[in-house]
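Structure first, then comments.
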Amino acid sequence: MTHLSPTSTTPQADRLGFTLFGTGPEPVLVLHDWLGDHTNYDALLPYLDGDAFAYAFVDLRGYGRSKHLSGDYSIDEIARDCLDVADALGWHRFHVLGHSMTGMVTQRLAADAPERIKSAIAVCPISAAGNRLPPEAAAFFASTCENDDAFRRLVKFVTGGLSDVWANRKLQQNRDGVAPVCRPRYLDMMVNTNFVDDVRGLATPFLVIVGDKDPGLGVEAMQQTFLAWHPNAQLAALPNCGHYPMQECPPYFALLVEDFLRQHAG
């Protein structure tokens, strides 16, 4: 396996920034969660097969290399932006991987452009039904946009109690790499979006990955959503892992992802 260094693109005026890794024949569009940006996947890079796959790690509007971009922060806008990136790369058909918030983006893309999506991987995903929160929980999530202590509590909770060092690292990444204006807007999208009727019965092959220490988005939640709606969906649960498997257990995560991608290559 050849180790290939990631290459960052020069952001266009209204196109999402992204970082490329690999030169293989199978294109994979990779999306991040609400709290982080494309650097969530940095720990994964040494374990990816850049000879077999070409990965584009995308930053949504308000994040990382797209921090300067504003918008309406909707699921439809994200899907359009992703297709624009694929078009710029010359990718007519490609695989897509989404994490947490962007789990629903994999579904939106599969519904909007089924002829273009070879397969989809949804990691600890929020689904097309959105993440309905009771008022107290909604207030807590909203507080993490500005309250550093609340942010630390959240990331420790969803990873089964990882260290203060971990929580501080995630906090610094968020405050440095995510525009304040987009944080509550994407939270509103996650809570209020619902397009379940658009995804029921989609033939797109799906791999759904969860961590056994993720308290809210585990096996039971996936059985009621992704596995109930997608006839070609399969589930993998990672042991001793929380909401960030690409950071908590990168070698095994890479193995699961690329084994699935190879099944749906071509």
Inset, instruction - Would you mind working out the magnitude of the charge dipole of the chain relative to its Cα centre, with +1 at each Lys and Arg C-beta and -1 at each Asp and Glu C-beta, to the nearest 20 Debye? - result: 140 debye
Inset, instruction - Express the relative contact order of the stretch 9-264 as a whole percentage, based on alpha carbon pairs under 8 Å and six or more residues apart in sequence. - result: 20 percent
Inset, instruction - For the stretch 214-229, take each phi angle, set θ = phi - 60°, evaluate the Karplus expression 6.51 cos²θ - 1.76 cosθ + 1.60, and give the result in whole Hz per residue in order, putting x for glycine and proline. - result: 7, x, x, 10, x, 4, 4, 4, 6, 5, 8, 10, 4, 6, 6, 9
Inset, instruction - Measure off, as a whole percent, the carbon and sulfur share of the 1.4 Å-probe accessible area of the stretch 9-264, all protein chains present. - result: 51 percent
Inset, instruction - Compute the accessible area per residue over the stretch 1-145, keeping the other protein chains in place, probe 1.4 Å, unit Å². - result: 34 Å²
Inset, instruction - Return the whole-Å distance between the Cα centroid of the stretch 61-106 and the Cα centroid of the stretch 152-174. - result: 25 Å
Inset, instruction - Have a look at Leu154, Leu16, Leu60 and tell me which one the Gaussian network model of the chain (Cα, springs below 10 Å) gives the largest fluctuation. - result: Leu154
Inset, instruction - Order the peptides 104-110, 73-79, 190-196, 61-67 from the highest to the lowest mean number of other Cβ atoms within 10 Å of their residues. - result: 104-110, 61-67, 73-79, 190-196
Inset, instruction - Report the local net charge at Met246: Lys and Arg +1, Asp and Glu -1, summed over other residues whose C-beta lies under 12 Å from its C-beta. - result: -3
Inset, instruction - Report the net charge of residues surrounding Leu255, where surrounding means a beta-carbon distance below 13 angstrom and charges are Lys +1, Arg +1, Asp -1, Glu -1. - result: -2
Inset, instruction - Give the label of the value calculated from the structure for Rg and Dmax of the Cα atoms in Å, choosing from (i) 16.9, 50; (ii) 20.9, 63; (iii) 19.8, 60. - result: (i)
Inset, instruction - Report, in order of residue number, the helices in the chain meeting two criteria: a C-alpha extent of 24 Å or more along the helix axis, and a mean Kyte-Doolittle hydropathy of at least 1.0; treat each whole DSSP H run as one helix. - result: none
Legend entry - Ratio of Rg to Rh over the stretch 25-179 (Cα coordinates, Kirkwood Rh, two decimals): 0.97
Legend entry - Fraction of beta bridges assigned by DSSP in the chain that are antiparallel (%, nearest 5): 25 percent
Inset, instruction - Just report the Cα centroid separation between the stretch 110-144 and the stretch 196-254, whole Å. - result: 12 Å
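The values are calculated or read from the model by the stated rules, or taken from the named source; none is laboratory data. Fair warning: this is a prediction, and the values are worked out from it, not measured in the lab. Because the Cβ atoms are built from the backbone with ideal geometry, glycine has one as well, and the counts that use them run over all protein chains shown. Accessible surface is based on the protein model in full, side chains and every heavy atom, while ligands, DNA and RNA are left aside. Shrake-Rupley method; radii C 1.70, N 1.55, O 1.52, S 1.80 Å.
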